[in-house]
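The structure appears right after this line, and notes come after that.
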Amino acid sequence: MLLPIFAALVLFLIINAFTVAAFAIDKRRSSTGAWRIPESRLLWFAALGGSPGAFWARGRYRHKTRKQPFVGRLQLIAMVQVGVVAGLAIAFAI
């Protein structure tokens, strides 16, 4: 039982690290005028489980903080993820 939980935690940490790195790279590129990471890719990283990293990186790098509809989509992704986790917790009585 512990191995799947450990594997899920490692995967969660990896996707969040990639998400934070993507936000940092995009922020650096935005200030230099270089090719940017598409917003859709940043949102996909968040949808794959990296929303905590996305929210942290937005605050840390002050990146994509006022950009609509990006902010609304990121919040929607996070709300869906919280709902899924809550549903799984109830279903498996964690």
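Each value in this text was obtained by applying a stated rule to the coordinates, not by laboratory testing. Everything numeric in this text was worked out from a predicted model, so none of it was measured. Ideal geometry is used to build each Cβ from the backbone, glycine not excepted, and the neighbour counts take in all protein chains shown.
Answer with yes or no whether Ser51 is out of contact with any helix residue (DSSP H, G or I) (no Cβ under 9 Å at 6 or more places or on another chain) and polar (S, T, N, Q). If you could, list the steps in order and put the result at the bottom.
Values: out of contact with any helix residue (DSSP H, G or I) (no Cβ under 9 Å at 6 or more places or on another chain): no; polar (S, T, N, Q): yes.
Taking the combined requirement at face value, the residue does not satisfy it.
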Out of (1) farther than 21 Å from Pro69 by Cβ; (2) surrounded by 14 or more Cβ atoms within 10 Å (Cβ to Cβ); (3) within 12 Å of the chain's Cα centre (by Cα), the one Ala24 does not meet is (3)
